[in-house]
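Since the structure comes first, as structure tokens, the remarks are kept for the end.
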Amino acid sequence: QVQLVESGGGLVQPGGSLRLSCEASKSMFRPYSMGWYRQAPGKQRELVAVSIAGGSTDYAGSVKGRFTISRDYAKNTVYLQMNSLKPEDTAVYFCKVVITSREYWGQGTQVTVSS
């Protein structure tokens with residue numbers, strides 16, 4: 001069973017930055033993809049950014065140019081650097097990892113953007 005440990009959420013003012021981290025416990029197999037989703041109150045969970053083995057990435061249109069996803073393959077860790085944060089970025093952010101077609105989710109970390 002793969003476990004994910006997330007960190008880095010918190011309260012930040014509009015225009016500020018945060019960096020989220022998600023470390024996956026060791027697995028026999030390298031994760032196919034590692035990504036971030038978010039869910040705001042009353043809304044569906046949505047993709048924020050994903051990193052796929054081999055180097056390709058994908059972002060939600062609303063975060064392009066502001067957020068950057070990166071992976072440390074040696075540490076089995078994925079990061080989400082969030083800059084120029086807006087109040088509409090407020091949500092619980094979840095890490096998702098896919099290993100051999102199985103999905104694993106983190107417990108979620110709260111990001112609140114408010115003055």
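The values are calculated or read from the model by the stated rules, or taken from the named source; none is laboratory data. Note that this is a predicted model, so its numbers are computed, not measured. Heads up, the Cβs are rebuilt from the backbone with ideal geometry, glycines too, and the neighbour counts pull from every protein chain shown. For the accessible areas, the whole protein counts, side chains as well, though only heavy atoms, and no ligand, DNA or RNA atoms are used. Shrake-Rupley method; radii C 1.70, N 1.55, O 1.52, S 1.80 Å.
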Looking only at strands (runs of 3 or more DSSP E) that lie completely in the stretch 28-77, which have at least 1 residues being in contact with a strand residue (DSSP E or B) (Cβ under 7 Å, 6 or more places away or on another chain), modelled with pLDDT of 95 or more and more than 16 Å from Lys96 (Cα to Cα)? 67-72
Going through the stretch 90-115 one residue at a time, which ones are surrounded by fewer than 15 Cβ atoms within 10 Å (Cβ to Cβ) and either among the polar types (S, T, N, Q) or closer than 17 Å to Gly15 by Cβ (or both)? Thr100, Ser101, Gln107, Gln110, Ser114, Ser115
Condition check: surrounded by fewer than 14 Cβ atoms within 10 Å (Cβ to Cβ) and at negative phi. Does Leu47 satisfy that? no
Any idea which residue in the stretch 8-27 is farthest from Glu88 (Cα to Cα), counting only those that are open to solvent by 60 Å² or more (accessible area, probe 1.4 Å) and in a strand (DSSP E or B)? Glu23
Pairs under 9 Å by beta carbon, first residue free of Cβ contacts under 8 Å to residues at least 24 places away in the same chain in the stretch 23-39, partner open to solvent by less than 50 Å² (accessible area, probe 1.4 Å), six or more apart or different chains? Met28/Ile99
What number of residues in the stretch 68-86 are surrounded by 15 or more Cβ atoms within 10 Å (Cβ to Cβ) and in contact (Cβ under 8 Å) with a residue 24 or more places away in the chain? 10
